[in-house]
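Each remark here refers to the structure printed beneath this line.
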Amino acid sequence: MKTLLTSFALLMSLATSAQAQITLTVFDCGRLMATDISAFNLSNDETPVRELFAPCYLIQHPQGTLLWDSGLQLEFAGKGVVDYEPGVTLRYDVALPDQLAAMDITPADIDLVAFSHMHWDHVGAANLFTDSTLLIQDAEYQAAFVDQNNQLFDPSLYLDLADSERRILNGDYDVFGDGSVMIISAPGHTPGHQVLLVELENTGPVLLSGDLYHFRKSRELRRVPLFNTDAEETLRSMDKIEALLKAEQATLWIEHDQALADTLKKAPEYYD
């Protein structure tokens, strides 16, 4: 029994040590400005927010690195305010690879890459990461790489990953095998939408929302965007994630929340 307890204590010590080395870095990978937000199932007078953040995140773990989401298309970087479509403008100041280079990191250094989903504003730099292992839900993989029939996906942004090494997921996934970085299946926005829970020693647990919510009002009012693939599935995912947030006492970062983003440390600073 003494040996067993000693072994358990050693394992816990190693887990704590590993957790202490986990860092989460936030990159500004653009912003979107919309004059009309009714497609998000919010009336224009329910919130004054019209600007959405487009983040990228780097998780550095003793066992490897994970890039989560890759922001707007690289072609828009450094172009100032760009008209994307009627009523929508974009701004992307410094391209993700340049932000990584400032940290002496190249795309080839990234071991794993995962996207909350394959919409264009989350996979803008995806084609750079062909040397990384792609972590993707089976339903999302089928929609993005096999069927290619989702009108809100732009295959040209990610098809270079078609021959990359990949892990096809069917539900929640422990990325490094120690519970510190968990991909959580939360479908509905897209067929294989997922969110990310990161356990940080000093900051505490942080959950990156993907597009489960776009606005704080979306969460408050439980509104499902009109362009989601499955409204009922989205609501079930909201229930699942809200229960997880409570159970883990985690902080939710709504990825598109520009007001939140303005308060966050950006690369090369990090959270640990």
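Annotations
- Within the same chain, lysines fewer than 8 places from LYS217 are excluded, and of the rest, those with a Cα less than 21 Å from its Cα are LYS240, LYS246.
- Taking every C-alpha pair closer than 8 Å and separated by at least 6 residues, the mean separation divided by the residue count of region 52-168 gives a relative contact order of 24 percent.
- Accessible area per residue in Å² at 1.4 Å probe, computed on region 157-272: 44
- Each peptide in 178-188, 232-242 receives the mean, over its residues, of other Cβ atoms within 10 Å, and ordering these scores from highest gives 178-188, 232-242.
- Within a straight-line Cα-Cα reach of under 26 Å, LYS79 can be paired with the following lysines, leaving aside sequence neighbours fewer than 8 residues apart in one chain: LYS265, LYS266.
- Tensor-based shape of region 166-271 (alpha-carbon gyration tensor, a/c under 1.5 rounded, otherwise prolate or oblate): oblate
- Highest mean packing comes first when the peptides 192-199, 96-103, 50-57 are listed by Cβ atoms within 10 Å, giving 192-199, 50-57, 96-103.
- Orientation-averaged projected area, Cα convex hull of region 66-223 (nm²): 10.6
- Highest-first packing order for the peptide set 79-86, 24-31 is 24-31, 79-86, based on the mean count of other beta carbon atoms within 10 Å.
- Ellipsoid equivalent to the chain - semi-axes via the Cα gyration tensor, in Å: 30, 21, 19
- Global geometry of region 142-227, whether rounded, prolate or oblate, following the gyration tensor of its Cα atoms and the 1.5 cut on a/c: oblate
- Compared with the dominant principal axis of the Cα atoms in the chain, helix 2-20 is inclined by about 30°.
- Spin-label pair LYS265-GLU201: with each label point 7 Å from Cα along the Cα-Cβ axis, the two points sit 1.4 nm from one another.
- Take every Cα pair under 8 Å whose residues are at least 6 apart in sequence, average their separation, divide by the length of the chain, and the relative contact order is 19 percent.
- Tilt relative to the chain, helix 231-248 - C-alpha long axis, 0 to 90 degrees, to 10: 40
- Protein accessible area in the chain, 1.4 Å probe - carbon and sulfur %: 50
- Label-point gap, in nm, between ASP104 and VAL146 - each point 7 angstrom along Cα→Cβ: 4.3
The values are calculated or read from the model by the stated rules, or taken from the named source; none is laboratory data. What you see is a predicted model, and the numbers here were worked out from it, not measured in a lab. As a convention, Cβ positions derive from the backbone with ideal geometry for all residues, glycine included, and neighbour counts pool all protein chains shown. Heavy atoms of the whole protein, side chains included, go into the accessibility calculation; ligands, DNA and RNA do not. Shrake-Rupley method; radii C 1.70, N 1.55, O 1.52, S 1.80 Å.
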